[in-house]
Amino acid sequence: MFAGLADDGRPSPRPVPPQPRRHAIAGNAAEPGRTVLSRAFAVLDSFLSGRPEQTHGEITRATGLAPATVHRLLAELTGWGALERTGRGRYRIGLRLWQLGAQAPGGRELRDVALPYLQDLLQVTHEVVHLVVLDGDRALYLEKLEAHPDVVVTSRVGLRLPLHAAGPGKVLLAHAPPDCLEKILAGGLERRASGTITDPARLRQVLAEIRLQGFCISRNEMTEGASSVAAPVRGPADQVVAAISVVVPSSTPNLSPLVPVVRMAALGVTRALQG
């Protein structure tokens, strides 16, 4: 196509119209191959490692995303309600995401069945009571009950902690698929307190003892000054689906009296699930 004649009499080409500018999605250049959805998941995942509130910079470092990408995603996630911005310029999980997570049938049903037994355990011990499930290679705390405990622990509902460094975590790890243990050993056994098991051979031995005995006693493994007794909960197919634990001060000289109490609570939940 030609627009007319040039000064020398030859046809002049039609001017090429300007091409619309392509607006790249923020972060595409810095994070090739990652979708918008995967980057949003990365932002949300950054809150799972014991960081209930974070700044823009902390989220950027945790995710490895470009600052502009994080800024845009934070605005969108906050607008939808997945995150909330506090008055200190920090972000935390929003109520809408919590409401959505509460609809997950597995965790909700397990918690509903277990709650009466956890409350009974709390009444008997007056200490911290936990309901914990396996979540990948971490221990996910589904419930935490406490009245006026004699020990302060860092656990909270929704927190994911290392399996090898807590009583209920070791119970779950003892009954997890073998590849779960191998993955954890390959990543190294992080020390969280003076009693944390960091030797792979020792951990294998302890897990074997848990499978044989049906309970776990731990001292100063996740939190200094805290000890626990934990026992497994089994589902309809007799597979271990959760662990129940009671946390007491490490100054408690003998934890053996707590073993039958915790095992009885775990057995009650098991029977309710299998009935």
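We did not get these values from a lab; they are worked out from the coordinates using the rules stated. The model shown is predicted, which means the values in this text are computed figures rather than measured ones. Backbone-built Cβ (ideal geometry, glycine too); neighbour counts: all protein chains shown.
Pairwise Cα distances in the stretch 104-274 exceed 21 Å for 40 percent of all pairs.
With contacts taken as Cα pairs under 8 Å at a separation of at least 6 residues, the stretch 104-274 carries a relative contact order of 23 percent. At full extension, D135 and S251 could sit 38.7 nm farther apart than now, given 0.36 nm per residue minus the alpha carbon distance. Rounded, prolate or oblate: which one fits the stretch 189-275, using the alpha carbon gyration tensor with axes a ≥ b ≥ c (rounded when a/c is under 1.5, else prolate when a/b beats b/c, else oblate)? Because a/c hits 1.5 or more and a/b fails to exceed b/c, the stretch 189-275 counts as oblate. If R0 is 22 Å, the Cβ-Cβ spacing of E109 and F41 corresponds to a FRET efficiency of close to 0.30. Multiplying the residue separation of Q123 and R202 by 0.36 nm and subtracting their alpha-carbon distance yields 25.0 nm.
Residues of the stretch 41-65 with the amide nitrogen closer than 13 Å to a label point 7 Å from the Cα of R156, along Cα-to-Cβ, please. Residues 47-54 qualify, since their backbone N sits under 13 Å from the label point.
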